[in-house]
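Here's a structure for you.
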Amino acid sequence: MNDAKALALLKSGDQEALAWFIDKYSAYVGTVVNSILAGSMSHEDVEEVTADVFVTLWRSADNLIPLNLKGYLSRVARSLSMQKLRERVQVLPLDEDILILDEDSVFDSLEREDQDQIIRKLVYSMPQPDKEIFLRFYYYCQTVSVIANQMQMNPSTVKTKLKRGRERLRYYLSNIKNTTGGDLDASKYS
């Protein structure tokens, strides 16, 4: 069986086709997930995310075409892995210990949150394809070569756009360091 035939069976609800995809791609998907979650999540979490990738495949089979299923599984694996990491960061475990924050650490935390929001707004206001490259590299953890291949660009162009984007962020953040609010239009800083 090949990917196209298995996908056609999967679209008709054939569970054996899903088992075929799991047999064929579980090691690959597990490697992608483990490369992102290793050291920060348990083995069970890695297995859970790997299984969720195949659940996503099952649910979205009707919308897929068999041209690059391996790439699709890789993107889903990266996305779900990053989502799992974000969930872990947002949920703080409750221990018997009580955490007492001093006033300075509270202000530092608020300042970091403000800075994160500013950076997010700046990145989202970047022109295309800069915004997409930034999101793919920093948010979805795609490599320069993957981005260049998928966006049909030269890898050196992707590197240059990332470098210039970082310089714009640095410039913008240094200019607003002592101010509050302001217009977050990235085009002003290109």
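Exactly one condition in (1) within 21 Å of GLN150 (Cα to Cα); (2) crowded, with 16+ Cβ neighbours inside 10 Å is false for ILE65; which is it?
(2)
Would you please name the residue that is surrounded by the most Cβ atoms within 10 Å (Cβ to Cβ), looking only at residues in the range 145-165 that are of a type outside the set (Gly, Ala, Ser), in contact with a helix residue (DSSP H, G or I) (Cβ under 7 Å, 6 or more places away or on another chain) and free of Cβ contacts under 8 Å to residues at least 12 places away in the same chain?
My answer is PRO155.
Residues are listed down the side, and each one gets a yes or a no for (1) at pLDDT 85 or above; (2) within 15 Å of the chain's Cα centre (by Cα); (3) in a helix (DSSP H, G or I):
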| site | (1), (2), (3) |
| --- | --- |
| GLU87 | no, yes, yes |
| ASP104 | no, no, yes |
| ILE133 | yes, yes, yes |
| TYR138 | no, yes, yes |
| LYS163 | yes, no, yes |
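Can you find even one residue in the range 171-189 that is at pLDDT 85 or above and outside any helix (DSSP H, G or I)?
no
Go through the range 27-47 residue by residue and tally those that are assigned to a helix (DSSP H, G or I) and either free of Cβ contacts under 8 Å to residues at least 24 places away in the same chain or loosely packed, with under 12 Cβ neighbours inside 10 Å (or both).
Result for the range 27-47: 9.
I've got another one for you. Does the range 140-161 hold any residues that are among the hydroxyl-bearing types (Ser, Thr, Tyr) and either within 14 Å of the chain's Cα centre (by Cα) or in the same structural domain as VAL33 (by TED's automatic domain parsing) (or both), and which are they?
Correct list: TYR140, THR143.
The values are calculated or read from the model by the stated rules, or taken from the named source; none is laboratory data. Just so we're clear, the structure is a prediction, and the values are computed from it rather than from any experiment. Here the Cβ is made from the backbone with ideal geometry for all residues, glycine too, and neighbour counts use every protein chain on show.
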